[in-house]
Amino acid sequence: MRVLVFSDSHGDVSGMEKAIAAVNGFDAIIHLGDIERDVRWLEKNYGQYPLYAVLGNNDFYGGRPAEAEIELDGVRLFLCHGHTRGVRRGHEGLISGAKARGCSAALYGHTHVPEDTVEDGILIFNPGSCSRPMSGQPTFGILEIEGGKCGSVVVDWII
Ligand SMILES: [Mn+2]
C-alpha cells in the first residue's frame with residue numbers, strides 16, 4: 001500500500017492538493033500536525049481515504065492524540081509531531097518512542113526539514129513542510145508498505 005505523509009501545512013493546503021493530484025494512486029494519508037484545520041480539510045475533501053493525524057505544537061483542539069501508533073500491512077509506525085520528543089536535539093526521543101511501542105518507524109515533522117534515514121534499526125522519517133520549507137521546495141513523503149516492509153521517499157516537487 002502507498003501512504004502519503006504530510007506535515008506542517010500551516011494553513012496552506014495548496015501543496016497537499018497538488019501532491020494528492022500528482023501521486024498516481026494511494027491508500028491512506030498521514031498528517032503529522034500543524035495545523036489541525038488542515039487535517040479537517042483533508043477529512044472533508046478526501047474522506048474516502050483512511051486518515052491518521054497527530055496534534056502539532058500549534059494545535060490546541062481536542063480529539064486527536066499528540067502521539068500515536070498505527071499498523072499498516074504489518075508495519076507498525078510511531079507518529080508524532082516532534083516537539084514532544086525533542087527532535088531539535090536529536091533522534092533519541094523518536095527512537096525510544098518507537099521502540100516502546102514496538103514500532104519499526106518513527107514519523108515526525110516540526111522542523112520543516114525533510115529526513116529519511118535509519119538509525120538503531122528504526123526508520124526516521126520527516127516529510128518536511130508541504131507549505132513552509134526551511135529551504136528549497138515544499139516537500140511531502142510517500143511510504144510504500146508491502147509484506148511487512150516499509151520503503152520511504154521524500155518528494156520535492158515542482159508543479
Ligand atoms: Mn510545529
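The values are calculated or read from the model by the stated rules, or taken from the named source; none is laboratory data. Note that the structure is predicted; figures quoted are calculated from it, not measured. No Cβ is skipped: glycine too gets one built from the backbone with ideal geometry, and neighbour counts run over all protein chains shown. We work out accessible area using only protein heavy atoms, side chains counted, and drop any ligands, DNA or RNA first. Shrake-Rupley method; radii C 1.70, N 1.55, O 1.52, S 1.80 Å.
So which trypsin sites (Lys or Arg not before Pro) in the stretch 89-159 are both in a DSSP loop and have at most 13 other Cβ atoms within 10 Å of their Cβ?
89
Work out from phi, with θ = phi - 60° and the Karplus expression 6.51 cos²θ - 1.76 cosθ + 1.60, the ³J(HN,Hα) of each residue of the stretch 63-77, listed in order in whole Hz, and give x for Gly and Pro.
Computed from phi, the couplings for the stretch 63-77 are x, 10, x, 7, 9, 8, 10, 10, 10, 10, 6, x, 10, 9, 10 Hz.
Could you check which residue among 93, 62, 11 shows the biggest mean-square fluctuation in a GNM of the chain with a 10 Å Cα cutoff?
Greatest mean-square fluctuation among the candidates belongs to 62.
How compact is the chain by the rule of thumb for globular proteins, expressed as Cα Rg over 2.2 N^0.38 Å?
0.93
Taking only Cα atoms and a 10 Å spring cutoff, compute GNM fluctuations for the chain and point out the largest among 141, 33, 63.
Highest fluctuation among the options: 63.
Compute the separation of the alpha-carbon centres of the stretch 127-158 and the stretch 51-117 and state it in Å as a whole number.
Computed from Cα coordinates, the inter-centre distance equals 15 Å.
What chymotrypsin sites (Phe, Trp or Tyr not before Pro) in the stretch 59-159 are in a loop by DSSP, with at most 11 other Cβ atoms within 10 Å of the Cβ?
Taking the stretch 59-159 and a limit of 11 other Cβ atoms within 10 Å, the loop chymotrypsin sites (Phe, Trp or Tyr not before Pro) found are 60, 61.
Below 20 Å, Cα to Cα, which lysines can residue 18 reach? Residues fewer than 8 away in the same chain don't count.
Hits, sequence-local ones excluded: 44.
Pick from 88, 132, 64: which is most flexible by mean-square fluctuation in a GNM of the chain where alpha carbon atoms under 10 Å apart are linked?
The residue with the greatest mean-square fluctuation here is 88.
Would you mind getting the accessible area per residue of the chain, heavy atoms of the protein chains only, 1.4 Å probe, in Å²?
That works out to 45 Å² per residue.
State, as an integer percentage, the relative contact order of the stretch 2-156 based on alpha-carbon contacts under 8 Å between residues 6 or more apart.
24
Under a Cβ-only charge scheme (Lys and Arg +1, Asp and Glu -1), can you give me the dipole magnitude of the chain about the Cα centre, in debye to the nearest 20?
Roughly 220 debye for the chain.
Long-range amide H contacts for residue 52: which residues qualify at under 5 Å (H placed 1.01 Å from N, peptide plane, sequence gap of 5 or more or a different chain)?
29, 30, 31
Computing the accessible area with a 1.4 Å probe over protein heavy atoms, can you report the carbon and sulfur percentage for the chain?
Looking at the chain in its full context, I get 47 percent from C and S.
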